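Each reported figure results from applying straightforward, stated rules to the coordinates on display, with no laboratory input. Given the structure is predicted, the values throughout are model-derived calculations rather than measurements. Glycine also receives a Cβ, built like all others from the backbone with ideal geometry; neighbour counts cover every protein chain displayed.
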Amino acid sequence: MTPSPTSSSSTPAGGPVEQAKADLAKRLGVDAAQVTVVSSEEVTWSDGSLGCPDPDMRYTQALVPGTRTILEVNGTQYSYHGGANRAPFLCEHPQSPTG
């Protein structure tokens, strides 16, 4: 059987968790194997900030489906948020999603 060709999708391979792990490993200069997944969940963000508002920005005021992934390296946790067709990104000052 011939293996199927690799997808040419614009989304990086591996889904949001693998994307977040790869980004954090690169940022910290560590091997991805050193990055532990604490939690990963689908959430609903309260607005277009995806739970990571910048005080100098305005955001759409609508519920946004997305993801929240918490990673850990050497005892420090990192929050990655995603949604609205945006790949996961590191959020320095995370807020909780809607209840």
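Structure above, values below:
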| read-out | value |
| --- | --- |
| Selection status of Arg27, among the basic types (Lys, Arg) and either within 11 Å of Gly83 (Cα to Cα) or surrounded by 12 or more Cβ atoms within 10 Å (Cβ to Cβ) (or both) | no |
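Condition check ((1) exposed (fewer than 12 other Cβ atoms within 10 Å of the Cβ); (2) farther than 22 Å from Ala22 by Cβ) across all residues:
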{"residue": "Val35", "(1), (2)": "no, no"}
{"residue": "Val43", "(1), (2)": "no, no"}
{"residue": "Gly48", "(1), (2)": "no, yes"}
{"residue": "Pro53", "(1), (2)": "no, yes"}
{"residue": "Tyr59", "(1), (2)": "no, yes"}
{"residue": "Arg68", "(1), (2)": "no, no"}
{"residue": "Pro88", "(1), (2)": "no, no"}
{"residue": "His93", "(1), (2)": "yes, yes"}
